[in-house]
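The structure appears below as structure tokens.
All of the numbers you see were taken from the coordinates with simple rules; none came from a lab. All figures in this text were calculated on a predicted structure; none of them were measured in a lab. Positions of Cβ are backbone-derived with ideal geometry, glycine not excepted, and every protein chain shown enters the neighbour counts.
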Amino acid sequence: MTKRLRPVQVRRGDHPFEVAALGAALLCGVTLIVLDTQPASVQTAMTGTVQTLWQILLTVSGMVGLVGALWRGRLAAALGTELVGVIVLASATTMYSIALWSVSGIRAIGAGTFVTAYALGCWWRSVQIVHDLVLIARATRDGKHVEVPLLVEEKP
């Protein structure tokens, strides 16, 4: 009996939407730190220490996430680095979403909807990366070459 194989696509992080989001996080975080300013919703909903943490999270997520998303080295290392950046960005955007909705209520429908969707997209991407890292670990354990964007595994 022949084994049936199916291709497994590992989703590298160089998608334009993800790169743009990570770049925006880096730019936003650095700008907020340099100009020493905060959105009104952040000033109202977060204490000073949490505001500073939020700025740092934005900056770090952009730097680390972009390195991982654009890295052309070892696939598992690139995805792991990207995962750290995306989880940090997911945390920062979730914090901002909560601040927007808690301060503005239904008036946050415009910005709040986009920021919440952005946060959910980050969490979704994190799940995708974890799934891909599991596939890579499984392939490595089984002695398969994993430094290509296309893996093959048995169909159940």
Point to revise | Ascending count of other beta-carbon atoms within 10 Å, so fewest first, for 47, 52 | key: 47, 52
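Given 25 °C and 0.890 mPa s, compute D for region 5-154 with the Stokes-Einstein relation, Rh being the Kirkwood radius over Cα pairs; round to the nearest whole µm²/s. Don't skip to the end; give the middle numbers.
On the way: Rh = 16.4 Å.
Here the translational diffusion coefficient equals 150 µm²/s.
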Point to revise | Length-normalised contact order for region 5-154 - Cα pairs under 8 Å, 6+ apart - percent | key: 31
Revision key, fill the gap. Full extension between residue 52 and residue 134 adds, at 0.36 nm per residue less the Cα distance, a length in nm of 26.1 nm
Check your understanding: Once fully extended, how much extra length lies between residue 107 and residue 31, figured as 0.36 nm per residue of separation less the alpha-carbon to alpha-carbon distance?
Key -> 24.8 nm
